[in-house]
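Reading through the structure tokens given below for one structure.
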Amino acid sequence: MAGSILGNRVLRKEDPKFLTSGGKYIEDLNDEPLFAGALHVTYVRSTVAHAKITSIDLSECKNSPGVVAVFTADDLGLEEEPSAFNPMAKRSHLAKGKVRWVGELVAAVVTQRPDQGEDAIEKAIVEYETLEPLIDVEQAMVSKTLIYEECGSNIVMGTVEMGMPDNTGDEIFKDCEVVVKGRFMNQRVAPCPLEARGSAATWINGRLIQWISTQHAQGVRTEVVKANKIDAENVRIITPDVGGGFGAKISAYSEELLLGNIAKHVGKAVRWRETRSESMISLGHGRAQLQYVTIGGTKAGRVKAYQLNAIQDSGGWVEVGTVLAPFMTRPMAQGVYDIEKMECRTTSVVTNTTPIVAYRGAGRPEATAAIERAMDIFAAEIGKDPADVRRMNLIPKFDQPHQTKIGHAYDVGDYGAALDKALAVAKYSEARAEQAERRKRGDKVQLGIGVSVYVEITGGVDPMQEHAKINILPNGRAVVFTGTSPHGQGHVTSWAMIASSETGISIEDIDVVWGDTDLVPSGGGTMGSRSLQQGGVAVQKVSIEIVDQARKLAAQLLEANESDIVLDKQTGAFHVAGTPAISKSWSDVAKSADVKSGLTHEGIFVAGSATFPFGSHVAIVEVDTETGMVKHRRHIACDDAGRVINPLILDGQIHGGVAQGTAQALLEEFRYDEDGNPITTNFAEYTFISAVELPSIEVVHMETPTFVNPLGVKGIGESGTIGSTPAVQSAVIDALSHLGVRHIDMPTTPERVWSAIAQASA
């Protein structure tokens, strides 16, 4: 292929394995000698949302067929440990004294087979003294019932408590001609990865070896080290293929962290796998943010002030979800708009529900959803086209850092161009004309058009660096070691492309290794759309540097000056400039370095700052006004992730993001009854999107390279999710706006749509 391979649509190297022999997942460890004859762990879980534990009787469990051992917190010597995000909140990996959500672990049962564990846990008798369940986040804020008594409140974090400015109320809107308020619920969703969690652990000569389905092997190792009170060199974490994570598999959970302790007690390897129902209630949830917005401006459409009060439901534990509002929603609250006055307050509150963790976008989709809905209700109030109001208020194009009112510096942006591109492909004017005709005719099925413009932050969370290593083998093949961890993102292909572009080695001859802490001891994992801009750039860095090293060795082999040696990337050979007939291959060079191991180089890329991908989405839907049924007819996505390494992989990431964003807008919601019992614990009750509900996604390419890294790349893994959700939600509302409907909370299910129509016409 002439020129650089970068920027070309290259088929994924990893796909033939998945399409033929299949990947190797946690459930495929049967052929691993270390886990031959492994015992199985099944957990007794709380059946109530909030209660004191008065007694735990496992005597009948012990007598159940196949049971090897049973454990409570005391049996394993577990102590309550403080949350990393609020040290006043404490709990142990098996509940001690109190349970705080349905599904929290109470005891562990070890059996010879997994089915025996399912039978045995049914014989566990746990007596509870029930406490008031706090399911509603606003009720929890003011309740005298405390989920963590030592915290003194159910409010466990907030921007005001952290010393950030409070909202000033209506004062900032005094100069506005029009002021509109809204209350929006960014609902709780379950991540639903195709592969549920699983793990296996064993001790070999005092060393813990644990396989785990995770997005961050090195980070999990730190957690496992702490849980088992051993040195890091005595822990090896191995990540096989991972069937999806979406942020929920970044950290290790109690189920995984207990396995080392349990394995030591029983003296054998142990395995654990969760059922789909367990996954629905125990794998951390996403979103769950209540938003109060106020927006004000002129009757002509200029927005002058915007205020957001975001109340984050943390769930039953003070996990990473607690910090998403102050550290992700707040910084991105201003979005793409040039607003004179901007305020944002966030409050994180514990409830008796499944803990909230990072979920694709993690705080940024919430910020975008809030301001995009605010722009819509403002446009509706003044009777202006929502696309025109957005265009009027966009931050002008910039190629140097733009400082926002909140305090972030966006790297580069051309928000108007993204909006115009998306509107052009959508044929926006024609869609509006068709909408007008349907309204004029009084059609049963109405057309709705939703528009969103967004910016997000990627690669902005520690560690803002990544490790990479490249080993050129004596046979001329290359192995790239990366601290990122793919679970569908296409790292094997992209990293091979980057290494190939610098070394000239064919991508077919480049392998990629990740997720084994013995082989890759340092790494930041895959989250926050950081992989390419940090991990990929690290691969580029070490590839460039190993070429420099190889040039020195080639000079010796060719008996020439180093400055005269060039690398022909088309042939992957070194030669003296002007004399390509006499050359040395990568194999020659690698053998000269070490005849057995070849040539190796490693290094770390440190990012100077985050990047800020942006884009615009247009959704077109049809809504049946008699049934409330919504059909998503078209979706246009213009997502600017800087320089594109592989358009095929970029499109795949956008498609996946749009699917998840659309699902939240139309279908998904994890719900509880008033007692805190989850009522959407399987795919029969939890409406999961499929290809049937999705249109063919129209991707509009736009590249605005960043100056933050040498590749000019930004994140793309979450952008589709961020841009699509408000566009689809707004499209549904727009279809009904002529009937008096101004807002419908997500998900815009037929029932909610029908109810909104009925209320508007009442």
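The values are calculated or read from the model by the stated rules, or taken from the named source; none is laboratory data. Just so we're clear, the structure is a prediction, and the values are computed from it rather than from any experiment. We place every Cβ from the backbone using ideal geometry, glycine too, and count neighbours over all the protein chains shown.
Could you give every pair whose Cβ atoms fall below 6 Å, whose first residue belongs to the range 226-253 and is touching a residue at least 24 places away in the same chain (Cβ under 8 Å) and small (Gly, Ala, Ser), and whose second residue is surrounded by fewer than 21 Cβ atoms within 10 Å (Cβ to Cβ) and outside any loop (DSSP other than H, G, I, E, B), counting only separations of at least 6 or pairs across chains?
Once the first residue is touching a residue at least 24 places away in the same chain (Cβ under 8 Å) and small (Gly, Ala, Ser) and sits in the range 226-253, its partners that are surrounded by fewer than 21 Cβ atoms within 10 Å (Cβ to Cβ) and outside any loop (DSSP other than H, G, I, E, B) give Ala252/Glu223.
Criterion first (in a loop (DSSP other than H, G, I, E, B) and closer than 25 Å to Asp734 by Cα) does Ile645 satisfy it? Steps first, please.
Numbers: in a loop (DSSP other than H, G, I, E, B): yes; closer than 25 Å to Asp734 by Cα: no.
So Ile645 does not fit the description; no.
Are there any pairs, at least 6 apart or on different chains, whose C-beta atoms fall under 7 Å, with the first in the range 544-566 and among the acidic types (Asp, Glu) and the second in a helix (DSSP H, G or I), and if so, which?
Glu562/Arg551; Glu562/Lys552; Glu562/Ala555
Only one of Ile356, Ile457 is closer than 30 Å to Asp675 by Cα, crowded, with 24+ Cβ neighbours inside 10 Å and in contact (Cβ under 8 Å) with a residue 24 or more places away in the chain. Can you tell me which?
So the residue among Ile356, Ile457 that is closer than 30 Å to Asp675 by Cα, crowded, with 24+ Cβ neighbours inside 10 Å and in contact (Cβ under 8 Å) with a residue 24 or more places away in the chain is Ile356.
Kindly indicate whether any position in the range 672-682 is assigned by TED's automatic domain parsing to the domain that holds Ala387, of a type in the set (A, V, I, L, M, F, W, C) and under 26 Å from Pro191 (Cβ atoms). Show your work before the answer.
Restricting attention to the range 672-682, the residues satisfying the condition of being assigned by TED's automatic domain parsing to the domain that holds Ala387 are 672-682.
Narrowing the set further to residues that are of a type in the set (A, V, I, L, M, F, W, C) leaves 679.
Keeping just the survivors that are under 26 Å from Pro191 (Cβ atoms) gives 679.
Yes, the conditions are met somewhere in the range 672-682.
Provide a single number: the residues in the range 687-728 that are in a loop (DSSP other than H, G, I, E, B), at pLDDT 95 or above and out of contact with any strand residue (DSSP E or B) (no Cβ under 9 Å at 6 or more places or on another chain).
Of the residues in that region, 1 qualify.
Looking at the range 422-452 only, could you name the residues that are closer than 28 Å to Ser529 by Cα and buried (at least 20 other Cβ atoms within 10 Å of the Cβ)?
Ala422, Leu423, Ala426, Gly450, Val451, Ser452
Would it be correct to say that Ala418 is among the small types (Gly, Ala, Ser), in contact with a Gly (Cβ under 8 Å, 6 or more places away or on another chain), not in a strand (DSSP E or B) and not assigned by TED's automatic domain parsing to the domain that holds Thr526? Spell out how you get there, then give the answer.
Working: among the small types (Gly, Ala, Ser): yes; in contact with a Gly (Cβ under 8 Å, 6 or more places away or on another chain): yes; not in a strand (DSSP E or B): yes; not assigned by TED's automatic domain parsing to the domain that holds Thr526: yes.
For Ala418, the condition - among the small types (Gly, Ala, Ser), in contact with a Gly (Cβ under 8 Å, 6 or more places away or on another chain), not in a strand (DSSP E or B) and not assigned by TED's automatic domain parsing to the domain that holds Thr526 - is met.
Say we look at the range 59-83 and pick out the residues that are small (Gly, Ala, Ser) and not in a loop (DSSP other than H, G, I, E, B); which of these is surrounded by the most Cβ atoms within 10 Å (Cβ to Cβ)?
From the range 59-83, those small (Gly, Ala, Ser) are 59, 64, 66, 69, 73, 77, 83; that's our starting set.
Filter once more, so that each one left must be not in a loop (DSSP other than H, G, I, E, B): 59, 69.
Numbers: Ser59: 10, Ala69: 20.
Checked the range 59-83; the qualifying residue surrounded by the most Cβ atoms within 10 Å (Cβ to Cβ) is Ala69.
Of all the helices (runs of 4 or more DSSP H) wholly in the range 254-365, which have at least 1 residues that are under 22 Å from Asp462 (Cα atoms) and polar (S, T, N, Q)? Before you say what the answer is, go through the steps one by one.
Details: elements: 254-257, 259-266, 276-282, 321-324.
So the answer is 321-324.
Here is a yes/no grid of residues against (1) touching a Pro at 6+ places or on another chain (Cβ under 6 Å); (2) of a type outside the set (Ser, Thr, Tyr); (3) crowded, with 23+ Cβ neighbours inside 10 Å; (4) assigned to a loop (DSSP other than H, G, I, E, B):
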| position | (1), (2), (3), (4) |
| --- | --- |
| Glu171 | no, yes, no, no |
| Cys176 | no, yes, no, yes |
| Gln187 | no, yes, no, no |
| Ala201 | no, yes, yes, no |
| Val225 | no, yes, no, no |
| Asp241 | no, yes, no, yes |
| Gly244 | yes, yes, no, yes |
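Ile56 passes all but one of (1) over 30 Å from Gly315 (Cα atoms); (2) at pLDDT 95 or above; (3) not in a loop (DSSP other than H, G, I, E, B); which number fails?
Single failed check for Ile56: (1).
Tally time: how many residues in the range 75-87 are farther than 24 Å from Phe670 by Cβ and within 27 Å of the chain's Cα centre (by Cα)?
Filtering the range 75-87 for residues farther than 24 Å from Phe670 by Cβ gives 75-82, 84, 87.
Narrowing the set further to residues that are within 27 Å of the chain's Cα centre (by Cα) leaves 81-82, 84, 87.
Matching residues across the range 75-87 total 4.
Does Ala379 satisfy being modelled with pLDDT of 95 or more, touching a strand residue (DSSP E or B) at 6+ places or on another chain (Cβ under 7 Å) and small (Gly, Ala, Ser)?
Working: modelled with pLDDT of 95 or more: yes; touching a strand residue (DSSP E or B) at 6+ places or on another chain (Cβ under 7 Å): no; small (Gly, Ala, Ser): yes.
No; evaluated as a whole, the condition is false for this residue.
Among the listed residues Ser46, Ser55, which satisfies the condition of being surrounded by fewer than 20 Cβ atoms within 10 Å (Cβ to Cβ) and among the polar types (S, T, N, Q)?
Answer to the check: Ser55.
Of the conditions (1) more than 22 Å from Gln534 (Cα to Cα); (2) assigned by TED's automatic domain parsing to the domain that holds Ser719, Val455 fails just one. Which one is it?
(1)
Scanning for something touching a residue at least 12 places away in the same chain (Cβ under 8 Å) and within 28 Å of Gly661 (Cα to Cα), does the range 494-507 turn up at least one residue? Step through it out loud before you land on a result.
Pass one, the range 494-507, residues touching a residue at least 12 places away in the same chain (Cβ under 8 Å): 494-507.
Adding the requirement that they be within 28 Å of Gly661 (Cα to Cα) leaves 494-495.
Among the residues of the range 494-507, at least one is touching a residue at least 12 places away in the same chain (Cβ under 8 Å) and within 28 Å of Gly661 (Cα to Cα), which makes the answer yes.
Step by step: first the residues of the range 88-115, then only those that are touching a residue at least 60 places away in the same chain (Cβ under 8 Å) and surrounded by fewer than 19 Cβ atoms within 10 Å (Cβ to Cβ), then the one that is farthest from the chain's Cα centre (by Cα). Which residue is that? Write out each step before concluding.
To start, the set of residues in the range 88-115 that are touching a residue at least 60 places away in the same chain (Cβ under 8 Å) comprises 88-91, 93-94, 100-114.
Right, trim to surrounded by fewer than 19 Cβ atoms within 10 Å (Cβ to Cβ) and you get 88, 90, 112-114.
Values: Met88: 27, Lys90: 26, Gln112: 35, Arg113: 34, Pro114: 30 Å.
Top of the filtered list is Gln112.
If we scan the range 501-514, do we find a residue that is under 31 Å from the mean Cα position of the chain (by Cα) and under 18 Å from Pro710 (Cβ atoms)?
yes
Within the group Val336, Val349, which residue is within 19 Å of Val189 (Cβ to Cβ), hydrophobic (A, V, I, L, M, F, W, C) and in contact (Cβ under 8 Å) with a residue 40 or more places away in the chain?
Working: Val336 fails: within 19 Å of Val189 (Cβ to Cβ).
Just one listed residue meets the conditions, Val349.
Looking at Thr329, Thr322, Thr347, can you tell me which residue is surrounded by fewer than 24 Cβ atoms within 10 Å (Cβ to Cβ) and either modelled with pLDDT of 95 or more or not charged (D, E, K, R) (or both)?
On the way: Thr329 fails: surrounded by fewer than 24 Cβ atoms within 10 Å (Cβ to Cβ); Thr322 fails: surrounded by fewer than 24 Cβ atoms within 10 Å (Cβ to Cβ).
So the residue among Thr329, Thr322, Thr347 that is surrounded by fewer than 24 Cβ atoms within 10 Å (Cβ to Cβ) and either modelled with pLDDT of 95 or more or not charged (D, E, K, R) (or both) is Thr347.
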